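Worksheet: the structure to be examined is printed underneath.
What follows draws every value from the coordinates through simple rules; no lab data is involved. This one's a predicted model, so the numbers in the text were calculated from it and none came from an experiment. When we count neighbours, we look across all protein chains shown, and the Cβ atoms used for this are built from the backbone with ideal geometry, even at glycine.
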Amino acid sequence: MIQKEPYDYPIAGKTCKGYLTYDNDTKEKRPAVILAHAWMGQNPFIREKAEQIASLGYLGLAVDLFGEGKTTADHLEAREMITPFVQDRQLIRDHMNSVVEKLRNHPLVDSERIAAIGYCFGGVCALELAKSGADIKGVVSFHGVLGNPHSIKQKPIETALQIPASILILHGYKDSMVPEEDLLAFEKEMSRKGADWQVHVYGEAMHAFTNPSAQMPEISLQYHEKSARRSWQAMENFLSEIFS
């Protein structure tokens, strides 16, 4: 049976409301997957994904990047919520690395087999974890923004000299939030760093293609069932490989 429980952890003076999932039919240590939410906060979508991760035999932890379980359904408020993290990506790196270290000490986690996945803004968070040089197995970005989301002014931040984590980018060809030049720049940077990276591009997919509630094609937000299914399978294959 899949166990679902709150997992509170402190970050920068805030109590973050994580959501922990695992199969409680076994007490054996298992790989852990950190799940980073989109810009509206840790909502039912990312919690459902954490449950699906647990059904694969992993421990899942949906993080709470904003603290205190804060969520919103308003796009303007969501932009305000992500702005500090986009302006200073070290905040993302510090948060994600702190969660990695907490999971290393969890009694059900194999400390040598940890990965992270993320959706939209959460994809940015997963990639920043990799770019920080974190010693984890891999990261997966589902329709994550690769450049500067919403043209928010950013502090410069360096990518680590070495990137131990394997990287999988799952990208919609019609995603207007990821211009071709941003994708190319990311690929070139990862190649310069000698990273193990791959990009899967889904030809009919827009931004947020995995989320059934994304129904605004006029602004490039649209669920695409086939791409959602294929990308999840690609993630399953990737996790199976890096954890083997």
Among the residues of region 196-217, is any closer than 18 Å to G122 by Cα, assigned to a helix (DSSP H, G or I) and in contact with a Phe, Trp or Tyr (Cβ under 7 Å, 6 or more places away or on another chain)?
no
Hey, can you tell me all the residues within region 161-177 that are surrounded by 23 or more Cβ atoms within 10 Å (Cβ to Cβ) and touching a helix residue (DSSP H, G or I) at 6+ places or on another chain (Cβ under 9 Å)?
A165, L168, I169, L170, H171, G172
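Counting only residues that are surrounded by fewer than 17 Cβ atoms within 10 Å (Cβ to Cβ) and within 21 Å of the chain's Cα centre (by Cα), which one in region 10-42 is farthest from D64 (Cα to Cα)? Show your work before the answer.
To start, the set of residues in region 10-42 that are surrounded by fewer than 17 Cβ atoms within 10 Å (Cβ to Cβ) comprises 10, 12-15, 24-29.
Now narrow it down to the ones that are within 21 Å of the chain's Cα centre (by Cα): 10, 12, 14-15.
Working: P10: 10, A12: 12, K14: 10, T15: 9 Å.
Taking the candidates together, the pick is A12.
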Pairs please, first residue from region 219-234 and in contact (Cβ under 8 Å) with a residue 24 or more places away in the chain and closer than 11 Å to F142 by Cα, second anywhere and buried (at least 17 other Cβ atoms within 10 Å of the Cβ) and of a type in the set (A, V, I, L, M, F, W, C), Cβ atoms under 7 Å, 6+ apart in sequence or on different chains.
S227/A205; S227/F209; S231/F142; S231/L170; A234/L168; A234/L170
Is there a residue in region 100-113 that is within 21 Å of I11 (Cα to Cα), in contact (Cβ under 8 Å) with a residue 40 or more places away in the chain, surrounded by fewer than 18 Cβ atoms within 10 Å (Cβ to Cβ) and among the β-branched types (V, I, T)?
no
May I ask you to verify whether Q52 is polar (S, T, N, Q), within 28 Å of N148 (Cα to Cα) and out of contact with any Ser or Thr (no Cβ under 7 Å at 6 or more places or on another chain)?
no
Please go through region 114-151 and pick out each residue that is among the basic types (K, R) and either within 21 Å of I53 (Cα to Cα) or in contact (Cβ under 8 Å) with a residue 60 or more places away in the chain (or both).
K137
